[in-house]
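Have a look at the structure below, then the notes.
The values are calculated or read from the model by the stated rules, or taken from the named source; none is laboratory data. Computed from a prediction, not measured in an experiment: that's the story for all the values here. Ideal geometry is used to build each Cβ from the backbone, glycine not excepted, and the neighbour counts take in all protein chains shown. Keep in mind that these areas ignore ligands, DNA and RNA; they rest on the heavy atoms of the full protein, side chains included. Shrake-Rupley method; radii C 1.70, N 1.55, O 1.52, S 1.80 Å.
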Amino acid sequence: MNSKSSAISCESVAVPSGISSGSGPDRSQSAPPASRPRTRRVRGSGLALAALGVLCFSLTFPSTAWALDGFGPWSVTSLRTVLSGAVACLALAVLRVPVPARRHWPWLAVSASGVMIAFPLLTTLALQTSTTAHAAVVVGLLPLTTALYSSLRTGTRPSPVFWVAALAGAAAVIAFALHESGGAPTTGDLYLAVALLVCAAGYGEGGRLARELSGLQVIGWALAVCLPLAVPAALAALLLEPAHPDVRSVAGLVWVAMGSQLLGLMVWFRGMGLAGVAKASQTQLAQPLLTLFWSVLLLGEKLPPAAPATALAVLVCIVVVQRART
């Protein structure tokens with residue numbers, strides 16, 4: 001997923017006034033009528049790319065569960081970064097992708113640490129004790145936590161409707177988690193809660209950067225920054241954790257590296273750049289339900305009755321939050 005993973009609205013993380021988008025003044029308000037069909041086509045392409053990214057993200061948890069059959073959690077996290085980082089560096093060199101400006105690097109570091117290091121590690125640790133269906137419902141709160149982060153980041157004051165919907169969504173997930181764990185949060189729930197916070201920051205800053213940089217620039221250089229840390233971490237993890245790779249576990253590892261962490265994030269950020277963050281992020285509302293579907297199809301999990309009901313409740317709350325913010 002990942003993260004993902006993560007997922008997700010970050011429109012209100014606005015570009016500070018001192019940062020130029022590099023595209024000159026905004027012409028969206030004064031576009032001539034002849035340019036409107038082209039604008040609609042561009043936005044349609046952006047939404048299609050964003051939807052492809054969400055499809056990639058929805059397979060992250062089931063693929064991670066597959067990878068954990070043959071590798072330890074630290075090995076899965078570090079190896080996915082090594083694999084995706086190596087491919088990203090090759091693409092950066094072959095395509096001669098420009099290096100981001102100095103002012104972009106602090107925010108690239110925030111995005112990388114949240115989306116490519118902390119979130120994959122925390123969710124992988126959580127999946128050792130939680131089902132993918134359970135994790136999908138809890139992480140379904142990610143668009144809400146991203147909205148909260150963006151509000152704090154920009155100093156905006158959301159409407160009362162925003163807060164009511166956000167708290168209702170959080171209450172639904174907390175009630176689900178407590179019901180499934182017998183009245184007390186599990187260690188996996190705590191991992192997922194922290195993952196929501198760090199990934200919200202990563203998506204928020206990544207979405208802001210996507211207004212100035214291409215998707216490959218954001219993802220490629222963020223992975224390049226992580227690679228020098230991931231290689232020694234992977235070697236240490238493989239020495240300390242028993243590994244019994246088979247076709248299923250290797251396939252899961254390859255997917256979370258290439259599908260979720262590289263392809264998924266690249267098309268996701270590109271989609272946000274074309275369609276706009278607010279519109280593109282709406283496509284991620286379907287991610288928890290898609291993950292529930294994959295958990296049944298690929299893992300044979302039996303969904304508790306509360307899982308789809310809670311996912312739908314969270315989806316409704318997120319839609320209300322999105323409308324309250326625009």
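Okay, here's what the table says:
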{"item": "Amide N proximity, segment 286-312 versus H179 label position 7 Å along Cα-to-Cβ, cut-off under 14 Å", "result": "303-312"}
{"item": "Ranked order, R157, R323, R248 - accessible area, probe 1.4 Å, largest first", "result": "R157, R323, R248"}
{"item": "Per residue value of the accessible surface for segment 128-206 (all protein chains in place, 1.4 Å probe), Å²", "result": "42"}
{"item": "Simple label model, 7 Å out from Cα along Cβ direction - L297 to L95, nm", "result": "2.8"}
{"item": "Highest to lowest packing among 260-270, 87-97, scored as the average C-beta count within 10 Å", "result": "260-270, 87-97"}
{"item": "For V218, net neighbour charge (Lys/Arg +1, Asp/Glu -1) across residues whose Cβ lies under 12 Å away", "result": "+1"}
{"item": "Percentage relative contact order, segment 43-131, counting C-alpha pairs under 8 Å, at least six apart", "result": "50"}
{"item": "Separation in nanometres of the label points that stand 7 Å from Cα toward Cβ, at A109 and A286", "result": "3.8"}
{"item": "Mean Cβ count within 10 Å, highest first, over the residues of peptides 200-213, 124-137", "result": "200-213, 124-137"}
{"item": "For segment 45-53, 3J(HN,Hα) per residue [Karplus equation, 6.51 cos²θ - 1.76 cosθ + 1.60, θ = phi - 60°, Hz, x = Gly/Pro]", "result": "5, x, 5, 5, 5, 4, 5, 5, x"}
{"item": "Test item: Cα-centred dipole of segment 38-112, Lys/Arg +1 and Asp/Glu -1 on Cβ, debye", "result": "660"}
{"item": "Among L239, L299, L197 the positive-end extreme of the charge dipole of segment 196-301 (Cβ point charges)", "result": "L197"}
{"item": "Segment 177-235 versus segment 68-141: alpha-carbon centroid distance in Å", "result": "6"}
{"item": "Portion, in percent, of the accessible area of segment 99-175 that falls on carbon or sulfur, probe 1.4 Å", "result": "72"}
{"item": "Cβ-Cβ FRET estimate between R323 and H244, R0 fixed at 45 Å, reported to 0.05", "result": "0.40"}
